[in-house]
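Undergrad: This is the structure I want to talk about, given as structure tokens.
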Amino acid sequence: MIGEEDVFIDDIKLQDIGIIVKLDSQEPLLPSTRDQFVTIPGRHGAYDYGAWLQPRTFELACMFKRKNYTDLKQKIRKFINLLLDYRGRPKDLKLRFGDEPQKYYTVRYSGAISLDRLVGMPSFILPLTAYNPHAYTITSNDEVTWGSKEITFLNTAYTFGHTGGGKTKNITSPQNYPVYVSGLVVRPVITITGTGTNVTLSTNSKACSLGTFTNTNWIIDLEEYTVIRNGVNGLRDFNGDFLEFMPGQNQISIGGSNLNFTIQVKFEDKFM
């Protein structure tokens, strides 16, 4: 009996298209590091400037379940079409594992595949690379609600201490807006629509100002450092810091006068 694990690529379970993924697949506990340091002639050691994580690589040990040669060729073609786009180039894929179905990596085929036909079920190693090494939740924070069909609370992504959040809120006076982060530090997308005078946002020792605006739609992407105001570049109207949100409970302090707008802070929780 071959030990198998459930693997999903773009929400397609590989077993459903005739591919077994064996438990001896290589999945790194952490990606390798890219260390930054400087050595000085005449001194021992080096000055450490910290490190970053390299891309995360996966090597999935796979086998085709086949009935005959024609059946195998059909399964191979179907599998190839899953990995490549309509131009025949490797495409971005959403990779999930059965032991953590609520988290995904964005990967693409990277390397080479050789098919071993000598065994009863032809086998191969599928090399995949996540150039962003983080895992993300399949649902955004505004979708995390009790009773959700996508959220089971059976793994570490969400626990009974999670307070939800991410819903659109009407703002008519200075107040705090709660943002709960389950994983690592995130820089979400903040959407504001409406009117306000000298509007400010602050959290975790960072603050920004949107000035005065009327019937305006803002899309502030804190991860990409972009600001869109009424569909065009609004970076010149944005002053201050790009906010970031720490693990656990955060509060955005909203200031200003003549406030009459909606706000939403939306993101997918991020994990290693």
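The values are calculated or read from the model by the stated rules, or taken from the named source; none is laboratory data. What you are looking at is a predicted structure, and each value in this text was computed from that prediction instead of being measured. Positions of Cβ are generated from backbone atoms using ideal geometry, with glycine treated the same way; all protein chains shown enter the neighbour counts. Note: areas computed on protein heavy atoms with side chains; ligands, DNA, RNA excluded. Shrake-Rupley method; radii C 1.70, N 1.55, O 1.52, S 1.80 Å.
Undergrad: Kindly provide the set of residues from region 189-222 that are open to solvent by 50 Å² or more (accessible area, probe 1.4 Å), in contact with a Phe, Trp or Tyr (Cβ under 8 Å, 6 or more places away or on another chain) and farther than 13 Å from PHE261 by Cα, ordered by number.
TA: Selection gives ASN204, LYS206.
Undergrad: Now, a different point. Restricting attention to region 80-116, which residues are surrounded by 15 or more Cβ atoms within 10 Å (Cβ to Cβ) and assigned to a helix (DSSP H, G or I)?
TA: LEU82, LEU83, listed by residue number.
Undergrad: Just to be sure I understand, how many residues within region 223-234 are closer than 19 Å to PHE267 by Cβ, open to solvent by 40 Å² or more (accessible area, probe 1.4 Å) and part of a strand (DSSP E or B)?
TA: The number of residues fulfilling the criteria is 2.
Undergrad: Looking for something of a type in the set (Gly, Ala, Ser) and surrounded by fewer than 11 Cβ atoms within 10 Å (Cβ to Cβ) - is there at least one such residue anywhere in region 11-27?
TA: no
Undergrad: Given the criterion farther than 25 Å from THR139 by Cα, modelled with pLDDT under 90, among the basic types (Lys, Arg) and part of a helix (DSSP H, G or I), identify the matching residue among ARG77, ARG66.
TA: Sole residue among the options that is farther than 25 Å from THR139 by Cα, modelled with pLDDT under 90, among the basic types (Lys, Arg) and part of a helix (DSSP H, G or I): ARG77.
Undergrad: Residue under question is ASN132, and the condition is that it be open to solvent by less than 70 Å² (accessible area, probe 1.4 Å), at pLDDT 90 or above and not in a strand (DSSP E or B); does it hold?
TA: Yes: the conditions hold for ASN132.
Undergrad: Then there is this: Could you check region 32-53 and list, in sequence order, the residues that are in a strand (DSSP E or B) and open to solvent by less than 100 Å² (accessible area, probe 1.4 Å)?
TA: Within region 32-53, THR33, ASP35, GLN36, VAL38, GLY50, ALA51, LEU53 meet the criteria.
Undergrad: Then there is this: When region 69-103 is examined, which residues are found to be in contact with a strand residue (DSSP E or B) (Cβ under 8 Å, 6 or more places away or on another chain) and among the β-branched types (Val, Ile, Thr)?
TA: Result: ILE76, single match.
Undergrad: Of everything in region 235-265, what is assigned to a strand (DSSP E or B), surrounded by fewer than 17 Cβ atoms within 10 Å (Cβ to Cβ) and within 19 Å of the chain's Cα centre (by Cα)? Give them in sequence order.
TA: GLY248
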